[in-house]
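Colleague: Please see the structure below; I have some questions.
Where a number appears in this text, it was derived from the coordinates with a stated rule and is not lab data. Source: prediction; values computed, not measured. Note: ideal-geometry Cβ built from the backbone for every residue, glycine included; neighbour counts use all protein chains shown.
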Amino acid sequence: MAHHPVTSAEIAIHGDHLDNSKVARVKGIAFFIALVGTAASLYLLFLAPEKTRGSFAYSWLFAFYFFLTLSIGGCFWTLLHNVSNSGWGTSVRRTFENLGSTYPWMFLFGIPLLFPQVQQYLYEWMNIQRAGHGNVKEHLHHVDHLLYNKYWFMNLPFWYGRVIFWGLGLSLVIIGLRKLSTAQDTDPNPGTSRLLKARFHSTYTLIIFALTITFTGFDFMMGLDYKWFSTMWGVYLFAGSALNSMAVIILVCAWLKSAGHLKHVTSGEHFHIMGKLLFAFTVFWAYITFSQYFLIWYAGITEETSYFLIRNTGNWNIAMIALVFGHFVVPFVILLQAWLKKNPKALSIMAAYTLCMHVLDHYLITIPERGISLGNIKPEVFGEIQVAIPGAFWGDILAFVSIGAAFVFFLLRAIGQHSLYPNRDPRILESANLSN
Amino acid sequence: MSTTRKRVYGYLAEFKSASALYKAAEKIRDSGFRKWDCYSPYPIHGLDGAMGMKRSILPWFVFFGGMTGTATAFALAYSTQVVIYPTIVQAKPANIFTIPAFFPVMFELTILFSGFTVLFGLLALIQLPRLNHPLFASKQFHRATDDGFFIAIEARDPKFNPEKTRSLLAEIGGDNIELVEEEDA
């Protein structure tokens, strides 16, 4: 039981603001790395020798989509908080919103993927369609009947339209919700109208979220092999996204708390709930991942099994087995303990560990495709099909560090912009006195 | 009237509210009693802490119950599907690497065995079902299912003392303090 109930006297009336000068150094370094890294990446994507361009396109896609899942997850937790009329999360809601607000920025890193110069190494179906020169359907009818049947969905104008919608739609949603929330911090008569408004607008926009996480996964990742399909794909990516954005939220909250912020409004109880969500989504991820594997393995359909054949060939197999234990068995057993979830430090270690496993997960989603696709698309440049391209992982590291630094920069920037918790939310005391 | 002496179960005291019960529980815990219990119409958050209750051993039962389920399912599926009667479907091999096919059964039996251990382990630990409880002899005790908050301290507690325990209960705010005696069999 807590010592004494938190009262309104202990809520910072003008908000709890991060001292921006304290993070200025980190922010500056992150910005610098992001700037230099992105410049180098653009060179590698567009101007370097073709062999490098081809393999780096995959590096960029991996890093871009990895960080996009974290931002999308921030939007998800914001929407879920609002729509479920949740009381517990009010103290940490601003962190959800801050993480979500990196989405528009992180989506900008997908711009290189809109250029045919990059697409030609990633999306074979686009090459086949571009070879049609105008009369695409007729061309497909002759060369690839599968693409002919998929044409209503997999065609370039629709693809571009969709991608623009994924970029704009969820950005508007999260910017709007965050504005609504932060405007309350300084309102002398806060009232409940914003609360109800946020709840209402989170209902139908949750559909935009669901479409975004599902179909960015289809358009950017599943499209890497146009013959392959999985009905679990969207849910699979969602599970990883919700899990790891919660890991980021835990890390941010634990950091803010250790820096003396979020006083009175968060306690071990909040970390306990966030830890339980981390645990729940660890199980959910395993459930969905196994379901996908199981269905494909059982059915044994050629188009579907290719995904796991590629990823269980050579050393990829070790990584896949490591994923089973590292992403599920180990965190499952560790996160079972209640004391650990109530302890911000111990939970942060698990959150950081979960994020490392997410890197492995997304590496295995994107990268094993590289050696196969490049050898398929341009054997005269990239050589025969191979399990992995030697030396290409340096590009993966560069892309990951560049976009990661940008992610850190935009997240810190968002955290520093407003109060760290919604200090005038009508539910702030309910949340501060949480007991579970 | 019967001349046989009745066995004393202990003292029963009523408290005005959930918070009064909570505070009283903390004081009884601090006076070192072991054999006593709180009775309330609804669950009270944190009362286990106020009573100084130790963590239940049940999770360990459930853990081993669940493990037994996993092992049982694996043994069942492996011995029938691989050893005794290998079923070849779509040219898939029948060996230890077909373990994904056994996962649903392993998962389900883990849940089933865990569920059984929870239910029967809990019943064993709280000694249910039982036909009667000595406190039912009290005329006021039925209110514990309606609007009464009670604490009962058992006479078999080593710290129990007919006078001192009674005055302790009165001191911490207990009303209608009653010495409950077991009914004749």
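Colleague: In debye, nearest 20, what is the charge dipole magnitude of region A:125-185 about its Cα centre with +1 on Lys and Arg Cβ and -1 on Asp and Glu Cβ, if you could check? Write out the running numbers ahead of the final one.
Modeller: Values: 6 positive and 3 negative charges, 18 e Å.
Around 80 debye, computed over region A:125-185.
Colleague: For region A:15-76, build the charge dipole from Cβ charges (+1 Lys, Arg; -1 Asp, Glu) around the Cα centre, then report which of A:LEU42, A:PHE64, A:GLY28 sits farthest towards its positive end.
Modeller: A:LEU42
Colleague: Here's something else I'd like to know. Calculate the FRET efficiency for A:SER258 and B:GLU171 from the Cβ-Cβ distance with a Förster distance of 35 Å, rounded to the nearest 0.05.
Modeller: Values: r = 44 Å, r/R0 = 1.26.
Calculated value: 0.20.
Colleague: Order A:112-123, A:65-76 from most to least packed using the mean count of other Cβ atoms within 10 Å.
Modeller: On the way: A:112-123: 18.2, A:65-76: 26.5.
Result, highest mean first: A:65-76, A:112-123.
Colleague: Highest first, please rank the peptides A:188-197, B:68-77, A:219-228 by the mean number of other Cβ atoms sitting within 10 Å of their residues.
Modeller: Values: A:188-197: 12.9, B:68-77: 17.0, A:219-228: 18.8.
Packing order, densest peptide first, comes out as A:219-228, B:68-77, A:188-197.
Colleague: Report the FRET efficiency, 1/(1 + (r/R0)^6), for A:VAL359 and B:SER31, where r is their Cβ-Cβ distance and R0 is 56 Å, rounded to 0.05. Show your work: numbers first, answer last.
Modeller: Details: r = 55 Å, r/R0 = 0.99.
Efficiency computed from Cβ-Cβ geometry: 0.50.
Colleague: Could you name the aspartates and glutamates in cross-link range of A:LYS341, using Cα to Cα under 13 Å and dropping any fewer than eight places away on the same chain?
Modeller: Once the sequence-local aspartates and glutamates are set aside, what remains near A:LYS341 is A:GLU269.
Colleague: Same structure again: Below 8 Å, C-alpha to C-alpha, sequence gap of six or more: please give me the relative contact order for chain A in percent. Let's see the in-between values first.
Modeller: Numbers: 598 pairs, mean separation 154.1, N = 436.
Computed over chain A, the figure is 35 percent.
Colleague: Going by C-beta contacts inside 10 Å, put A:PHE64, B:PHE64 in order with the fewest on the left. Before the final figure, lay out each step's value.
Modeller: Details: A:PHE64 22, B:PHE64 13.
By the 10 Å Cβ count, ascending, the order reads B:PHE64, A:PHE64.
Colleague: Further question: With +1 on the Cβ of every Lys and Arg and -1 on the Cβ of every Asp and Glu, and nothing else charged, how large is the dipole of the protein assembly as shown about its Cα centre, in debye rounded to the nearest 20? All intermediate terms of the calculation are to be shown ahead of the outcome.
Modeller: Numbers: 48 positive and 40 negative charges, 180 e Å.
Dipole magnitude for the protein assembly as shown comes out near 860 debye.
Colleague: For the protein assembly as shown, what does -39500 (n - 2.57) per DSSP helix run (n ≥ 4), summed and divided by total residues, give at 222 nm, in deg cm²/dmol to the nearest 500?
Modeller: Values: 26 runs with 383 residues, N = 621.
Helices in the protein assembly as shown give a 222 nm mean residue ellipticity of -20000 deg cm²/dmol.
Colleague: A further question follows. Would you work out the relative contact order for region B:58-125, in percent, from Cα pairs under 8 angstrom that are 6 or more residues apart?
Modeller: Details: 59 pairs, mean separation 37.7, N = 68.
Relative contact order comes out at 55 percent.
Colleague: Is any helix in chain B, taking whole DSSP H runs, at least 24 angstrom long along its axis by alpha carbon and on average at least 0.0 on the Kyte-Doolittle scale, and which ones?
Modeller: Values: long enough: B:58-78 (30 Å, 1.19); B:99-125 (36 Å, 1.96).
Once both thresholds are applied, what remains is B:58-78, B:99-125.
Colleague: Then there is this: Any lysines with Cα under 17 Å of the A:LYS150 Cα? List them, leaving off those in the same chain fewer than 8 positions away.
Modeller: A:LYS137, A:LYS227
Colleague: A further question follows. Can you give the translational diffusion coefficient of region A:169-248 in µm²/s, computed by Stokes-Einstein from the Kirkwood radius over Cα pairs at 37 °C and 0.692 mPa s?
Modeller: Result for D is 222 µm²/s.
Colleague: Ranked by Cβ crowding within 10 angstrom, fewest neighbours first, how are A:GLU384, B:GLU26, B:GLU108 ordered? Provide the component values of the computation, followed by the final result.
Modeller: On the way: A:GLU384 8, B:GLU26 17, B:GLU108 12.
Sorted ascending by nearby Cβ count, the order is A:GLU384, B:GLU108, B:GLU26.
Colleague: Another question, if that's okay. Determine, for each peptide in A:248-255, A:423-430, A:266-273, B:126-133, the mean count of other beta carbons within 10 angstrom over its residues, then list the peptides with the highest first.
Modeller: Taking the mean over residues of other Cβ atoms within 10 Å, the ranking is A:248-255, A:266-273, A:423-430, B:126-133.
Colleague: To the nearest 0.05, how large is the calculated FRET efficiency for B:ILE88 and B:PHE116 if R₀ is 35 Å and r is the Cβ-Cβ distance?
Modeller: Details: r = 34 Å, r/R0 = 0.98.
For B:ILE88 and B:PHE116, the calculated efficiency is 0.55.
Colleague: Which of the pairs A:LYS22/A:LYS342; B:LYS23/B:LYS164; B:LYS6/B:LYS27; A:LYS27/A:LYS257 have their Cα atoms more than 21 Å apart in this structure? Before the final figure, lay out the partial values.
Modeller: Details: A:LYS22/A:LYS342 27 Å; B:LYS23/B:LYS164 19 Å; B:LYS6/B:LYS27 29 Å; A:LYS27/A:LYS257 19 Å.
As for pairs spanning more than 21 Å Cα to Cα, those are A:LYS22/A:LYS342; B:LYS6/B:LYS27.
Colleague: Enumerate the lysines that A:LYS179 could reach by cross-link, defined here as Cα to Cα under 18 Å, with residues fewer than 8 away along the same chain left out.
Modeller: Filter leaves A:LYS197.
Colleague: Looking at chain A, do any whole DSSP H helices span at least 30 angstrom along their long axis by alpha carbon and average -1.0 or above on Kyte-Doolittle, and which?
Modeller: Details: long enough: A:20-46 (37 Å, 1.26); A:50-83 (48 Å, 0.64); A:156-183 (40 Å, 1.09); A:193-216 (33 Å, 0.76); A:233-258 (38 Å, 1.44); A:268-299 (46 Å, 0.85); A:344-366 (32 Å, 0.87); A:393-417 (36 Å, 1.60).
Passing helices, by number: A:20-46, A:50-83, A:156-183, A:193-216, A:233-258, A:268-299, A:344-366, A:393-417.
Colleague: Considering only the other residues whose Cβ falls under 10 Å of the Cβ of A:ASN423, what net charge follows from Lys and Arg at +1 and Asp and Glu at -1?
Modeller: Working: positive: A:ARG94, A:ARG424; negative: A:ASP16, A:ASP185, A:ASP425.
Once all neighbours under 10 Å are counted, the net charge is -1.
Colleague: Using a 10 Å cut-off around each Cβ, can you sort A:ASP185, A:ASP19 from fewest to most neighbouring Cβ atoms? List each step's numbers first, then the result.
Modeller: Working: A:ASP185 20, A:ASP19 11.
Going from sparsest to densest Cβ surroundings: A:ASP19, A:ASP185.
Colleague: Provide a whole-number value for the mean count of partner chain Cβ atoms within 10 Å of the Cβ atoms in peptide B:40-49.
Modeller: Values: counts 0, 0, 0, 0, 0, 3, 3, 1, 0, 1.
The shielding value for this peptide is 1.
Colleague: Ratio of alpha-carbon Rg to the 2.2 N^0.38 Å globular estimate for the protein assembly as shown, to two decimals, please.
Modeller: Details: Rg = 30.7 Å, N = 621, 2.2 N^0.38 = 25.3 Å.
Dividing the Cα Rg of the protein assembly as shown by 2.2 N^0.38 Å gives 1.21.
Colleague: For peptide A:292-300, what's the mean number of Cβ atoms from other chains within 10 Å of each residue's Cβ? Write out the running numbers ahead of the final one.
Modeller: Values: counts 0, 2, 4, 0, 0, 4, 5, 1, 4.
That average works out to 2.
Colleague: Sticking with this structure for a sec: Counting only the backbone N, which residues of region A:391-411 are under 18 Å from the spot 7 Å out from the Cα of A:ILE29 toward its beta-carbon?
Modeller: A:398, A:400-411
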